[in-house]
Amino acid sequence: MAMEALGRLVDICIGAAPVDLSTAAVTGKRISLKDAGGLTIVVFKGAGTAGDDPTVTLKQHTASSAGTTSNLAVIDHYYLKSATTLAGTEQWTKVTQTAAATIADPGGAGTSAESQQIIVIEVDAAQLSDGYTHVSLDVADVGTNAQLGSILYLRRDLKVERAPAALAASL
């Protein structure tokens, strides 16, 4: 039997548990890239109300808590699946932008709040500034109407392969 992907190729970690994005800004958990080649960030959100378009911000940190934090302005593209109701038949769309730390209104149509969306952002560990070891993704408060969302981190290109039960904590 071949070794499974979890522990060999990827490790999956929580960025933010499912939450109503209108209750407050969401501060994503910090994740270490010390033993990984990069990170695939997956934002999954439900449909909300017009005008409550989400904004996400990518940050880098020098420690798992405290330390120095700064925006990581490397998002020059991301991938998006978007529909009023996601059915599993949608195609990925590659969305390009000038390199920035933020994505405002994913898809750029001014109507991202009204859609269910999956947003994927790729970060290479080499993109972090010298001395920075951790990454996080924050979601700004979307407004006054309910819109559920969550963040998953997939650490990829693991430098040390282990059985899933033996993976080191990645936060």
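The values are calculated or read from the model by the stated rules, or taken from the named source; none is laboratory data. These numbers were taken from a predicted model, which means no experiment stands behind them. Note that each Cβ is placed from the backbone with ideal geometry, even for glycine, and that neighbours are counted across all protein chains shown. Quick note on the areas: whole protein, heavy atoms, side chains included, nothing else; ligands and nucleic acids left out. Shrake-Rupley method; radii C 1.70, N 1.55, O 1.52, S 1.80 Å.
Checking the a/c ratio against 1.5 first, then a/b against b/c, what shape does the Cα gyration tensor give for the stretch 124-164? Here the stretch 124-164 falls in the oblate category. The accessible surface of the chain, taken with every protein chain in place and a 1.4 Å probe, is 54 percent carbon and sulfur.
Taking packing as the residue-averaged number of other Cβ atoms within 10 angstrom, the listed peptides 143-150, 90-97 run from highest to lowest as 143-150, 90-97. Excluding ligands, DNA and RNA, the accessible surface per residue across the chain is 49 Å² with a 1.4 Å probe. Each Cα pair under 8 Å and six or more residues apart adds its sequence gap; the mean of these over the residue count of the stretch 35-95 is a relative contact order of 22 percent. Here's the picture: charge each Lys and Arg Cβ at +1 and each Asp and Glu Cβ at -1 in the chain, and of 58, 72, 33 the one pushed furthest to the positive end of that dipole is 33. Summary value for the chain: 47 percent relative contact order, contacts being C-alpha pairs under 8 angstrom separated by 6+ residues.
Each part gets one Cα centre, and for the stretch 116-140 versus the stretch 77-97 those centres are 19 Å apart. What FRET efficiency do you get for residue 141 and residue 111 if R0 is 25 Å and r is their Cβ-Cβ distance, rounded to the nearest 0.05? Once the sixth-power term is evaluated, E becomes 0.85. Relative contact order for the stretch 60-137: 42 percent, from Cα pairs under 8 Å spaced at least 6 residues apart, divided by residue count.
Shown for the chain: lysine pairs separated by 8 or more places, or found on different chains, whose C-alpha atoms are under 13 Å apart, numbering 4. According to the Kirkwood relation over distinct C-alpha pairs, the hydrodynamic radius of the stretch 1-40 is 12.7 Å. Along each principal axis, taking the top coordinate minus the bottom one, the Cα set of the stretch 1-148 gives 44, 40, 29 Å in descending order.
Restricting the calculation to Cα atoms, every distinct pair contributes to the Kirkwood radius of the stretch 4-75, found to be 14.7 Å. Here r is the Cβ-Cβ distance between residue 85 and residue 23 and R0 is 25 Å; the resulting FRET efficiency, rounded to 0.05, is 0.60.
Sequence-ordered 3J(HN,Hα) estimates for the stretch 10-20 from the Karplus curve with 6.51, -1.76 and 1.60 and θ = phi - 60° stand at 9, 10, 10, 9, 6, x, 7, 5, x, 8, 6 Hz, glycine and proline given as x. 3J(HN,Hα) couplings calculated from phi for the stretch 62-74 with the Karplus curve 6.51 cos²θ - 1.76 cosθ + 1.60 (θ = phi - 60°) are, in sequence order, 8, 7, 6, 8, 6, x, 9, 10, 8, 5, 10, 8, 10 Hz; Gly and Pro show x.
Here the Karplus curve 6.51 cos²θ - 1.76 cosθ + 1.60, taken at θ = phi - 60°, turns the phi angles of the stretch 42-51 into couplings of 10, 9, 10, 9, x, 6, x, 10, 3, x Hz, with x standing for Gly and Pro.
Suppose the chain between residue 71 and residue 168 were pulled fully straight at 0.36 nm per residue; how much longer would it get relative to their current alpha carbon spacing?
Contour length minus the Cα-Cα distance gives 32.3 nm.
Report the gain in length on full extension from residue 95 to residue 8: 0.36 nm times residue separation, minus Cα-Cα distance, nm rounded to one decimal.
28.4 nm
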